1. Roughly speaking, what is the centre-to-centre gap between the stretch 96-146 and the stretch 263-332 when only Cα atoms are used, to the nearest Å?
2. Report, in degrees rounded to the nearest 10, the 0 to 90 angle that the Cα long axis of helix 121-133 makes with the longest principal axis of the chain.
3. What Kirkwood Rh does the stretch 135-185 have if only Cα atoms enter the pairwise 1/r average? Answer in Å.
4. In Å, what Rg and Dmax follow from the Cα atoms of the stretch 1-40?
5. Angle, helix 332-344 long axis vs. longest principal axis of the chain, Cα atoms, 0 to 90°, nearest 10?
6. Angle, helix 53-67 long axis vs. longest principal axis of the chain, Cα atoms, 0 to 90°, nearest 10?
7. Would you please put 323-333, 141-151 in order of how densely packed they are, using the mean number of other Cβ atoms within 10 angstrom per residue and starting with the highest?
8. Please sort 179-186, 35-42 by packing, taking for each peptide the average over its residues of neighbouring beta carbons within 10 angstrom, highest first.
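Just so it is clear, none of the values below were taken in a lab; they were calculated from the coordinates. The model shown is predicted, which means the values in this text are computed figures rather than measured ones. With ideal geometry, Cβ positions are generated from the backbone for all residues, glycine too; neighbour counts draw on all protein chains shown.
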Ligand code: CP3
């Protein structure tokens, strides 16, 4: 059972203000660590790593051993959900993800929840291994992509900057796009509940491309599906906090927090600190938002960035994190410097 009192990360999400603040970093496991690259050479592809519990658990633990983060995040990817729904998903070296694009009603109808959780069984086995091996004061985070962001990959068939195919479907055939989003709400809820039942103590919804939508469609395709997921999780697994990360939402962060009911919100790099302290932190815990490139630069620029965030957000419920994922060019020593700065500051 979760012992919240011993886990600063869960205390912060419950509205407390532990000192020093808890810290973990998005993409804390990954290519910037030589020990990750070593494990990566032992498997055929990236998805195989996600579906091999022993190795996925190992790479999840690697950054904890080095840095003693307050939370571990399950090692997996947001695109295992389309993979488990029957879409072809591949990760090509240096190219990012490639999927068979879902562009019409028939392609959406061909996706199926039959066998969905069975396909993801190795992920739940990874979560069980993590729950069994995690240090007592460290929390375990499960995650999924939010429906909008996962839908962009499914419709585009790859990463994208303009989202032309996805937006054309969302704007031109909203009732068709709604089928895809509704399927993802259902699948993502099932998936997160199974992660919680395997031992995840909090879950994060990554909406990396939330910032691509204007206000009105943001309400329909980001806020509404997220609210449906949060309501289901709160009803069916009460007490498990949900963190939303609507990257790039700008001023819409405020509506996102008010209308989705998330327990905490991840701030991207561009969110002004005093604004977040005033407008968001009174409603929920905030998490973020160091520029990941400051972890590449290091030195006094890094220290200054850390100090500003701690000064602005450290007086309320707060989890230190980055504004987006660690990049592979990050020198591991700079992460050690960051941890030292956060934990030795008075
Ligand atoms: O944070 C963690 O340490 C947990 C693991 C994690 C990964 N991806 C591992 C990964 C998490 C939480 C994700 C989320 C994810 N995946 C997001 C949302 C967050 C964000 O970054 O915006 C998105 C959009 C994806 C989709 C994805 N996965 C892309 C676009 C890529 C290719 C780009 C890249 O960095 O190579 C991935 C691959 C991926 N996911 C890697 C890792 C460690 C690198 C693959 C490798 O090791 O070869």
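1. 27
2. 10
3. Result for the stretch 135-185 stands at 12.4 Å.
4. Rg, Dmax (Cα atoms, Å): 14.5, 39.
5. So the inclination is approximately 60 degrees.
6. Taking Cα atoms only, the helix is inclined about 30 degrees.
7. With the highest mean Cβ count within 10 Å placed first, the list reads 141-151, 323-333.
8. So the order, starting with the most tightly packed, is 179-186, 35-42.
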